[in-house]
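Right, one structure below, let's go through it.
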Amino acid sequence: MNVSAAESLRTALGELLDGLPPRQATQAVDRLIANYRGATPTDAPILRDRADVAAYAAYRMPATFEAVRSALEAFADAVPEWTPASHVDVGGGTGAATWAVSATWEGPRPVTVLDWAEPALALGREIAAAHPALDGARWQRARIGASLTLDPTDLVTVSYVLNELAAPDRAALVDAAAAAAQAVVIVEPGTPDGYARLIEARDRLIAAGFRVAAPCPHSAACPIVPGADWCHFSARVSRSSLHRQVKGGSLPYEDEKFSYVAAARFPVSPAPARVVRRPQIRKGQVLLDLCEPEERLTRTTVTKKHGELYKAARDADWGDVWPPVP
């Protein structure tokens, strides 16, 4: 990971709220969380002005960055020889995914951020000035839905966007991304509804000829029974003072739950299996819940008699490849 990208983003976000009274910032975040209902607005975006966007960016960008970065790193592990030469972030708002891409693959590349909220785009452009890799990025207003068309690009990211769209617009967006890109990474909230939207998108990508690179070890049907469970992961996020003000929490971190799919038109090397629940460490053994290439979910018990594999199991984390790559 390019640590400087994460640190630069953290610093830029820390400066956003200078001059904005804490109570106003808190009220803006509360209102936005309560009212960000789902459909692309027909007149004015819910992110109304700079104060709204600054508060929401300081609150949400770190979590979006960490979730997208986690998904991108899993994707990068499956395509180690590939680096995107161009990137389009659909519904990117203030551009958290562009920072995550630059943290995963170093170096500048043509970047376009599309969003309906002009204040979000303006603030994203301002924040991006702190990161040389994003110099020259295009911040373009666009309706995200059935009328969307995308120019050819190596990578399309769509993070926390499908939940804001009606079903026909979700399908049109995924189809547009598939038509334009060599690789598509989609991230949604780690909830049953988020997972359901994610699986719909995954199915459309596979139907369009894409191979799933992560998190799944296969491109076949998900073995999870709809409605019985859902696949999601967790990313640790450092909490800002605004997080603590809004949530009333004292911990310096929180865990962002997310679901994702990363797929490509070119050959990929997915994980042999992936840990899909937090490992359970017990005396002399570790229980690992795995998604395996045979389109099944299994629980594996690794004990001390497994030697080095037992040590690896004790260090394994939710979302990791299993067995670990040497």
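The values are calculated or read from the model by the stated rules, or taken from the named source; none is laboratory data. Note that the structure is predicted; figures quoted are calculated from it, not measured. Note: ideal-geometry Cβ built from the backbone for every residue, glycine included; neighbour counts use all protein chains shown. Heads up: the accessible areas ignore ligands, DNA and RNA and are worked out on the full protein's heavy atoms, side chains in. Shrake-Rupley method; radii C 1.70, N 1.55, O 1.52, S 1.80 Å.
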Exercise for the section: Check PRO80 against each of (1) modelled with pLDDT of 80 or more; (2) in a helix (DSSP H, G or I) and name the one condition it does not meet. Expected result: (2)
Problem - Flag for GLU200 being farther than 11 Å from ALA262 by Cα, open to solvent by less than 30 Å² (accessible area, probe 1.4 Å) and modelled with pLDDT of 95 or more - result: no
Practice task
Test ASP289 against the criterion of being at pLDDT 95 or above and loosely packed, with under 12 Cβ neighbours inside 10 Å, and give yes or no.
Solution key: no
Handout entry: Residue tally, condition surrounded by fewer than 23 Cβ atoms within 10 Å (Cβ to Cβ), part of a loop (DSSP other than H, G, I, E, B) and touching a Leu at 6+ places or on another chain (Cβ under 9 Å), over region 144-185
Key = 5
Handout entry: Every pair of residues 6+ apart whose Cβ atoms lie under 8 Å, when the first sits in region 125-144 and is on the phi > 0 side of the Ramachandran plot while the second is open to solvent by less than 70 Å² (accessible area, probe 1.4 Å)
Key = GLY136/VAL111
Problem - Restricting region 27-61 to residues that are at pLDDT 70 or above and open to solvent by 30 Å² or more (accessible area, probe 1.4 Å), the residue that is farthest from VAL184 (Cα to Cα) - result: GLN27
